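To start, the structure under review is shown below, and the notes come after it.
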Amino acid sequence: MELSMGIKNDKLVGDFWGGLAAMLVALPSAIAFGVTIYASIGPAYAGLGALAGILGATALGLVAPSLGGTNRLITAPCAPAAAVLSAFAIELVRQDVDPVFIVLMLTALGLVAGLIQLLLGFMGIGSLIKYIPFPVVSGYLTGVGLIIIGSQISKLLGVFGSQSLWRTLISPEMWQWQSALIGIVTALVMLAAPLVTRIVPAAILGLLAGVLTYFGLAYFVDESMLVLEGNKLIIGPLGGSASSMLEAITGRWRDIGELKLSQIGNLMGSALTLAVLLSIDTLKTAVVLDSLTRSRHDSNRELVAQGIGNVASACAGGMPGAGQMGATLVNLASGGQTRVSGVIEGILSLFAFLVLGAFIAWIPVAALAGILIVVGIRMIDRHSLQLLQSPWTVLDFVVIVVVVAVALTYSLIAASAVGIALAMLLFIREQLGSTIIRNKVEGSNRFSKRVRLEHQMEMLEKHGDRSVILELQGSLFFGTKDQLYTALEPELRKRSYLLLDMRRVQSVDVTAVHLLSQIRDSLKEHGAFLVFSGLDHTLPNGRNIAELFTQMELTTGSDQVKVFPLIDDAVEWIEDHILGESLQQEADLPPLEIYELDVFRDAKEESLIALVECIGRRSVARENKVFTSGDPADQLFLIRKGSVRISVPIPGTDSSQHRLTYGRGDFFGGLSFISRAAYFSADATAIEDTELYVLRREDFEMLREQHRRLAFQLLEAIARVLATRLSYADKELLAMQQ
């Protein structure tokens with residue numbers, strides 16, 4: 001009991017320090033994001049923006065970790081939310097919308113985005129969002145970073161109002177050098193801080209440097225900067241008290257009731273953009289966290305928790321957010337172990353608001369702009385430039401550039417849609433560039449596991465051109481239809497058996513099935529067979545090829561289509577068809593006598609008489625064992641009638657792997673007999689009622705003493721047959737490697 005309590009206390013201590021460190025990282029960014037959004041309405045709203053950032057950090061920190069299932073994940077206001085909401089606010093300002101109404105619409109936008117996230121989680125979309133291609137994610141993160149940088153340059157230069165970025169850059173007379181100095185100092189300290197210490201978060205050190213620079217300028221250069229009211233260089237009064245927070249929450253709810261349904265509908269596009277971006281940001285952070293902690297998150301549960309957290313944040317007057325990479329990694333490094341660390345981060349954000357509200361009012365806007373510019377720079381994926389080094393990845397780089405361009409000129413959701421469309425085209429291009437024919441082998445070069453007699457092998461080689469085996473791979477869909485037809489069309493007239501091995505096929509669409517139906521009908525016209533193997537495996541998309549082919553009536557309704565679970569079964573069926581009458585005749589024949597076996601065809605009559613005296617006979621019923629793995633390997637078995645399957649047990653299971661099948665007139669156990677192996681390493685099972693000759697090694701030793709020539713002939717015959725089998729196996733391996 002004491003040990004259990006000690007473990008819990010250790011986790012709680014770690015969660016506290018992790019939550020504290022995460023708050024120190026997340027809170028300055030949250031304030032900066034909030035100021036960025038609301039300052040777009042007007043400088044007078046900067047304080048309200050800081051309050052929205054703090055309330056967002058508090059609400060998200062308290063709600064999302066409590067409901068989510070990802071340990072150590074810190075949810076807080078983030079850059080994608082700042083980018084989307086800033087663009088939304090700027091557009092409303094351009095339309096001369098009343099600032100009070102803009103604030104209300106920002107709250108509604110966060111609320112609707114949270115509800116959409118909630119819906120995405122319930123619908124199971126969380127499992128799909130993480131499959132968005134890397135070029136799209138890279139492009140939108142770079143786009144968000146550039147949008148953040150562009151939105152902060154004016155604030156860093158101390159230019160307030162609705163001027164465009166370009167006009168700000170070409171009008172240095174509008175710049176305020178004090179503001180620029182504060183922002184530059186903040187950014188430089190934030191960049192250099194990790195080189196000096198990692199104990200205190202870089203954002204905190206940068207912010208402190210910006211505040212100290214501001215007060216240094218105020219005392220030594222411009223005393224007007226010490227005035228709080230009407231000072232555009234600082235955030236301004238927040239009203240940091242519990243009563244002001246309650247007023248912010250209740251005031252929003254009084255106003256939001258005045259929104260019309262049509263106005264809510266106009267938010268859907270931006271809300272969907274925001275919800276998707278926040279979801280991607282969260283799941284990307286969760287995936288990274290999984291890899292660092294060897295854990296596994298529940299994407300859909302996390303989306304539900306994030307959605308409820310964003311709804312709660314909107315209800316409290318805060319800005320929306322997502323699982324934040326920087327704060328999460330700081331939490332992990334500082335000892336955070338469970339979801340409690342996220343809740344502690346939210347509690348400490350609330351405490352900081354109530355205790356430090358007066359201090360936060362003096363934070364320079366330029367310092368926050370400097371922090372966000374550094375954040376934006378870090379979001380730009382500079383490593384994507386490596387994609388230009390290879391012609392194979394140049395088009396992926398083009399996708400990134402297009403996503404960034406659309407994000408900057410139109411919107412982030414349009415950029416994501418365009419990026420996904422381009423990524424799909426790249427995927428189709430990749431599929432078209434790869435071959436779907438993994439291997440092609442004629443029947444004379446590929447044999448089944450049924451061991452044939454010498455005259456049967458000669459017949460199979462002679463008629464081997466009647467069959468061909470094509471091993472397919474990859475995706476059979478409308479894009480590879482022509483490639484598939486081009487590969488199959490030359491075989492249609494000259495083959496009697498077309499075998500398609502489907503083991504490595506990853507996907508099949510209706511277009512490919514329709515083409516295979518046409519192939520079947522073409523073969524049927526001249527009495528040829530379409531043979532499939534490996535249809536029973538489940539595709540990555542969860543579909544079963546056999547069920548699809550049955551549904552599309554490709555493998556039903558025609559005797560000219562055959563389906564086998566394994567390729568060896570299919571090849572054996574084709575061989576049996578080619579051998580045809582000879583196999584049927586053998587099935588009706590009586591058991592072979594000793595002199596009728598191939599291995600003794602050159603032996604003299606008096607020698608065979610001596611052999612008969614030392615050789616035994618054995619009958620084995622169907623499905624009974626001739627021998628099992630581990631039995632003494634001191635016997636040679638010659639098949640008078642029937643057939644025997646050799647299989648090797650798979651260690652740790654009750655199953656076995658089929659090796660070879662021997663039939664009438666053949667022998668097995670020869671390799672062990674010659675090499676004097678101590679034990680058999682396989683099982684031998686009668687496939688049908690079987691009659692055997694059995695020559696024990698000790699009887700063979702006696703035979704060798706009395707009839708050396710016969711013993712030599714027997715060993716020579718066994719070695720000759722084994723060598724012939726080996727040559728066929730080598731020929732088959734060479735054909736499969738081509």
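Coordinate-derived values only; no laboratory data. Please read these numbers as outputs of a predicted model, since none were measured by experiment. Virtual Cβ from ideal backbone geometry, glycine too; neighbours counted across all protein chains shown.
Using 0.36 nm per residue, how much length does the chain from Thr338 to Asp536 gain when fully extended, once their Cα-Cα distance is taken away?
On the way: separation 198, 0.36 × 198 = 71.28 nm, distance 4.34 nm.
In short, 66.9 nm is gained.
Rounded to the nearest 10 degrees, what's the angle between the helix 510-525 long axis and the longest principal axis of the chain, both from Cα atoms, 0 to 90? Taking the Cα atoms of the chain, the angle to 510-525 is about 20 degrees.
Annotation: amide H of Cys78 within the under-5 Å range of Ala322, sequence separation 5 or more or interchain, hydrogens built in the peptide plane. Treating r as the C-beta distance of Ser390 and Ser434 and R0 as 22 Å, the FRET efficiency rounds to 0.85. Length gained on full extension, Ala610 to Lys494, computed as 0.36 nm times the residue gap minus the Cα-Cα distance: 36.6 nm. Remind me, relative contact order of region 109-239 in percent, using alpha carbon pairs under 8 angstrom and six or more residues apart? Computed value for region 109-239: 14 percent relative contact order. Annotation for region 501-553 versus region 590-615: alpha-carbon center distance of 50 Å.
Between Val144, Trp166, Pro99, the Cα set farthest toward the positive side of the dipole of region 10-426 (charges on each charged residue's Cβ, about the Cα centre) is that of Val144.
Among Thr653, Gln506, Ile400, which residue has its Cα furthest toward the positive end of the charge dipole of the chain, with +1 on Lys/Arg Cβ and -1 on Asp/Glu Cβ? So the residue we want is Ile400. Dipole magnitude for the chain: about 1600 debye, using +1 per Lys or Arg Cβ and -1 per Asp or Glu Cβ, origin at the Cα centre.
Highest average first, the peptides 335-343, 56-64 ordered by how many other beta carbon atoms sit within 10 Å of their residues are 56-64, 335-343. In plain terms, the chain from Ile184 to Tyr219 could stretch by 10.7 nm, reckoned as 0.36 nm per residue minus the Cα-Cα distance.
A Cβ-based charge dipole, computed about the Cα centre of region 10-426 with Lys and Arg at +1 and Asp and Glu at -1, lands at about 680 debye.
Please tell me the relative contact order of the chain in percent, rounded to the nearest whole number, where contacts are Cα pairs under 8 Å and at least six residues apart. Each step should come with its number before you reach the end.
Numbers: 1343 pairs, mean separation 118.4, N = 738.
Once divided by the residue count of the chain, the mean separation gives 16 percent.
Taking the DSSP bridge list for region 436-585 and keeping only pairs wholly inside it, about 25 percent are antiparallel. If you take the beta carbon distance between Asp602 and Tyr679 as r and set R0 to 35 Å, what does 1/(1 + (r/R0)^6) give as a FRET efficiency, to the nearest 0.05? After rounding, the FRET efficiency stands at 0.65. Computed from Cα atoms, the angle from the helix 697-706 axis to the main principal axis of the chain rounds to 40 degrees.
Set the Förster radius R0 to 25 Å, insert the Cβ-Cβ distance between Leu408 and Gln176 as r into 1/(1 + (r/R0)^6), and round the FRET efficiency to 0.05. Once the sixth-power term is evaluated, E becomes 0.40. Restricted to Cα atoms, the chain shows a radius of gyration and a Dmax of 38.8, 128 angstrom. Projected label points at Trp166 and Phe712, each 7 Å from Cα along the beta carbon direction, are separated by 10.1 nanometres.
Hey, what number do you get for the chain at 222 nm if only DSSP H runs of n ≥ 4 count, each worth -39500 (n - 2.57), divided across all residues, to the nearest 500? Walk me through the numbers before you get to the answer.
Values: 28 runs with 434 residues, N = 738.
It lands at -19500 deg cm²/dmol.
For the chain, the longest principal axis of the alpha carbon atoms and the long axis of helix 299-315 meet at an angle near 10°. Backbone geometry of region 669-677 corresponds, through the Karplus equation with coefficients 6.51, -1.76 and 1.60 at θ = phi - 60°, to 3J(HN,Hα) couplings of x, x, 5, 5, 5, 6, 7, 6, 4 Hz, x marking Gly and Pro. Remark: spin-label model distance Glu461-Arg618 equals 3.2 nm, labels positioned 7 Å along the Cα→Cβ axis. With a simple spin-label model that places each label point 7 Å from the Cα along the Cα-to-Cβ direction, the separation between Arg704 and Asp576 comes to 3.9 nm. Which percent, to the nearest 5, of DSSP beta bridges fully inside the chain are antiparallel? If I count the DSSP bridges inside the chain, around 65 percent turn out antiparallel. Under 5 Å between amide hydrogens, built in the peptide plane, is the criterion, and for Gln337 it picks out Asp15 among residues at least 5 positions away or on other chains.
For region 615-631, the Karplus equation 6.51 cos²θ - 1.76 cosθ + 1.60, evaluated at θ = phi - 60°, returns couplings of 9, x, 10, 8, 10, 10, 6, 3, 6, 8, 7, 7, 7, 10, 4, x, 5 Hz by residue, with Gly and Pro reported as x. Taking the Cα centre of region 436-585 as origin and assigning +1 to Lys and Arg Cβ atoms and -1 to Asp and Glu Cβ atoms, the resulting dipole is close to 300 debye.
Peptides 691-697, 97-103, ordered by how many other C-beta atoms sit within 10 Å of their residues on average, highest first, read 691-697, 97-103. Summarising the overall dimensions of region 436-585 from its C-alpha atoms, the Rg and Dmax are 15.2, 49 angstrom. Its relative contact order, with pairs defined as Cα atoms under 8 Å and 6+ residues apart, puts region 349-481 at 18 percent.
Highest mean first, what order results for 452-465, 40-53 on Cβ atoms within 10 Å? Numbers along the way, then the final one.
Details: 452-465: 15.9, 40-53: 25.5.
The most tightly packed comes first, giving 40-53, 452-465.
Amide H to amide H, with H built 1.01 Å from N, Arg659 comes under 5 Å of Ile646, Ser647, Val648, counting only residues 5 or more places away or on other chains.
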